[in-house]
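Taking it in order: structure first as structure tokens, then the write-up.
Just so it is clear, none of the values below were taken in a lab; they were calculated from the coordinates. None of these values were measured; they are calculated from a predicted model. Quick reminder, even Gly has a Cβ in these numbers, built from the backbone with ideal geometry, and neighbours come from all protein chains shown.
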């Protein structure tokens, strides 16, 4: 199991670096509010986190399923599935909010953008947690349906809690 955990950590690290270098902007861009593009907020309505690494593993690796409600120019619901890798820290620290972590995964968003018809799209996500969750996503264009069909772009968030998370999105519909 230790080898599997090591490979999973390498996969997440490689994927996160690829996303940051190739598809997504710097997480520091999320700290500059107000921002261009659509503005929205989300509230996290559920958080279910379960370990996936062996109990004896030196790394804490978990799978998270979270649900969110979006308001503002991005209106609807999101369900995200993440793999989180907590960074090694002082063994006496047991509160996950006092640890740092890297994560990646997908979020399925179902709703509207700035008054569009309702649709669905998958957002590929990568982020870090160090007292606040800073995440970025890119639209998986081939998954967009309904009123979101043809949408392109990216976005992200800077979450310091379960409610009122500021979201930035730079999304475009195809020109007709």
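Before anything else, pin down the relative contact order of segment 68-176: Cα pairs under 8 Å, at least 6 apart, normalised by residue count, whole percent.
Across segment 68-176, relative contact order equals 19 percent.
How compact is segment 49-119 by the rule of thumb for globular proteins, expressed as Cα Rg over 2.2 N^0.38 Å?
Cα Rg divided by the expected 2.2 N^0.38 Å: 1.47.
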(request) Any chance you could run the full-extension gain for residue 141 through residue 52? It's 0.36 nm times the residue separation minus the Cα-Cα distance, nm to one decimal. (result) 29.1 nm
(request) May I ask for the distance between the Cα centers of segment 42-57 and segment 88-162, given as a whole number of Å? (result) 15 Å
(request) Compute the distance in nm between two label points, each set 7 Å from the Cα along the Cα-to-Cβ direction, one at residue 130 and one at residue 45. (result) 3.3 nm
(request) Report the extension gain between residue 90 and residue 69 in nm, rounded to one decimal, defined as 0.36 nm multiplied by the number of residues separating them, less their alpha carbon distance. (result) 4.1 nm
